[in-house]
Amino acid sequence: MKLKLAILLILLIAVAQTRRINFLGHRQENETGKESGEEGHGNGEESHGNGEESHGNEGEEGHNNGEEDQNNGGEENGQSGTGDEGSDNNGSCSTGGNTGESGNTGESGEPVEQQTCKGVIFDAGSSGTRVFVYTWPCRMFNYANPEIEITQKVPSVKVNPGISHYGDNISGLREYFQPLLQFANEHVEEEIRHRTPILLGATAGMRILDWSQQYDVMEEVRSILRESGYLFESSEWARIISGKDEGAYLWLSVNYLKGYFSSNNIDEQGKLVESYTTIDIGGASTQLADDINEKDQYYLTYDDEYSTDYHTFDTSIYNISLYSHSWLYFGQDQARIQINNFLHNLHKRSSSFENPCYLKGYKDKFNDNVEIVGSGNPNDCKDLIDLYLLGFNSTCDQCSIQESYIPTIRSDSKVYAAGAADFVSKIFNDDNDYTWTQFEYFDEFCSKEFDENNKNKYYATECFLGLYVQELLASGYRIPSDTLIETGKINDLEPSWTLAAMFDQIDDNHECTDSPHCNFRRHLKSWRKDSFHPSMKEHKGKAPLSNLMP
């Protein structure tokens, strides 16, 4: 799966190697490299998924937390593309200079170890696309691999809507990408763009499209990136990533930023002494990732349907069994869409229908002929959400969303949540940490009358958002009521799946000949290969509650 080089990256960080490596795997040839004004990795992220949506056209729009729009993370498997056009195969983040003694200089005249490499990555979510510019010290092959310094914020900017909205209008994508590429150009010097990798990962918004629209959009995106002047080596550098990958990438990024891949957090069996369970609630889907125990491994292995949700990475250093699963249609935007569709189908012959998840007095068009009317009943709303999440039956004590098996989350588990779970806490909580019991705030809020004078464009959907996140955490993920859920920045940086994805994908295009952990790659290939060839069920499937509709 796509996480393999992300884990390899972490191995290289945690353990001093005898040879230095650059992220693209190229030996250092004569190339120009100037030191940028930014040093070290930053790790900004667009928090996923807090989108509002216009009920008339069911379009997704990311919630804004007052600083930056928060965008859906997206999920489930999509297709990789066709073709493999390289734009500059001798580029990469390598810099000039010989591979000899330290103190060598590149064409820029700077010592090689002082030169800076950059990478550009787009997070193409359902409600918008955000571009990140990562910065790191360039690597050499001839001496020890330095630890990556993540010390500064990562420049990023977002445009709306998501690229999935161009499924029927791909000609509009070039204009759409102009401000994103302009932003990247402002943060990447012209003389190093030809060796600066540019990547794009599309998430759940694209997975919901039909295959032909996916293909058309992604081919146009690849064409734009090939002509951007940046290093675009392979069609896979712009693809629809799987939800499983996205969940694993976030897990890697969070635990990396927490310092949990350091040698003092590894026991004699190679297990992590401590690690975070990560949850991401996006606009179109949600993910859970965790380092699981032997009991969870047994159940997941026993059921073929979920056996691909985890993989054991057994190397000379680590023995990690990482579980990652994604549920399409269970992001907060899609959940609201599907519940509205369900209620509408129960009242097909009516010109309006009530939704208990909207404030009393709220009205909006569902379509040209039907109106949504809020009834403001938090208990009825929770029952409706639980029906959406769990259906009428659950076949096992540890079954959750769509009766799928999930690892046990205990009271003392460390949990980090991103996306809507982060945004919604800011409504009632000044801190970054909370338990889901604090969502009782929404019981009172959702019983209020709708205020037409409230200018907050997300005001109308905050009731549903709060109750949905609460029920997803409590009933869907079965998080104990006293488990502390952490959100927000880690060491002044917001974790993002893009951090792990950047280095995984770049290095994946090159043979592993430089690291003593090369055999580590072979352990990962089965999961990676599966993620490139999604089944139709993983790709799209049937929306929840659809089998209950009249």
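For (1) exposed (fewer than 15 other Cβ atoms within 10 Å of the Cβ); (2) of a type in the set (F, W, Y); (3) at pLDDT below 90; (4) in the same structural domain as C381 (by TED's automatic domain parsing), each residue gets a yes or a no:
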site	(1), (2), (3), (4)
F450	no, yes, no, yes
T461	no, no, no, yes
I479	no, no, no, yes
D482	yes, no, no, yes
Review point. Which residues, counting only those in region 315-366, are polar (S, T, N, Q) and within 22 Å of Y458 (Cβ to Cβ)?
Key: Q332, Q334, Q338, N340, N341, N355
Check your understanding: On the given criteria, is R226 at pLDDT below 95 and more than 23 Å from the chain's Cα centre (by Cα)?
Key -> no
Check your understanding: Within the set of pairs 6 or more residues apart or between chains, which connect a residue that is over 19 Å from Y323 (Cα atoms) inside region 389-417 to a residue that is at pLDDT 85 or above and assigned to a helix (DSSP H, G or I) with Cβ atoms less than 6 Å apart?
Key -> L389/I401; L389/S475; L389/G476
Point to revise | Which listed residue, of L467, L473, L484, is hydrophobic (A, V, I, L, M, F, W, C) and closer than 22 Å to E246 by Cβ | key: L473
Review point. Do we have any residue at all in region 237-255 that's farther than 30 Å from D291 by Cβ and out of contact with any helix residue (DSSP H, G or I) (no Cβ under 7 Å at 6 or more places or on another chain)?
Key: no
Check your understanding: If we only count helices (runs of 4 or more DSSP H) wholly inside region 357-452, which ones have 2 or more residues that are out of contact with any helix residue (DSSP H, G or I) (no Cβ under 7 Å at 6 or more places or on another chain) and not polar (S, T, N, Q)?
Key -> 378-390, 420-423
Practice item. Could you tell me whether any residue of region 363-376 is out of contact with any His (no Cβ under 9 Å at 6 or more places or on another chain), hydrophobic (A, V, I, L, M, F, W, C), under 20 Å from L288 (Cα atoms) and surrounded by 15 or more Cβ atoms within 10 Å (Cβ to Cβ)? Key: no
Study note, to complete from the structure: Exactly one of E486, E444 is surrounded by fewer than 22 Cβ atoms within 10 Å (Cβ to Cβ), in contact with a Pro (Cβ under 9 Å, 6 or more places away or on another chain) and modelled with pLDDT of 85 or more, and that residue is E444
**Study point:** Residue match in region 188-203 (condition: of a type in the set (A, V, I, L, M, F, W, C), in a loop (DSSP other than H, G, I, E, B) and touching a strand residue (DSSP E or B) at 6+ places or on another chain (Cβ under 6 Å))
**Key:** yes
Check your understanding: Of the numbered conditions (1) under 24 Å from F232 (Cβ atoms); (2) at pLDDT 70 or above, N509 satisfies every one except a single condition; which is it?
Key -> (2)
Check your understanding: Do we have K457 as over 21 Å from K258 (Cβ atoms), at pLDDT below 90 and part of a helix (DSSP H, G or I) here?
Key -> no
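The values are calculated or read from the model by the stated rules, or taken from the named source; none is laboratory data. What you are looking at is a predicted structure, and each value in this text was computed from that prediction instead of being measured. Virtual Cβ from ideal backbone geometry, glycine too; neighbours counted across all protein chains shown.
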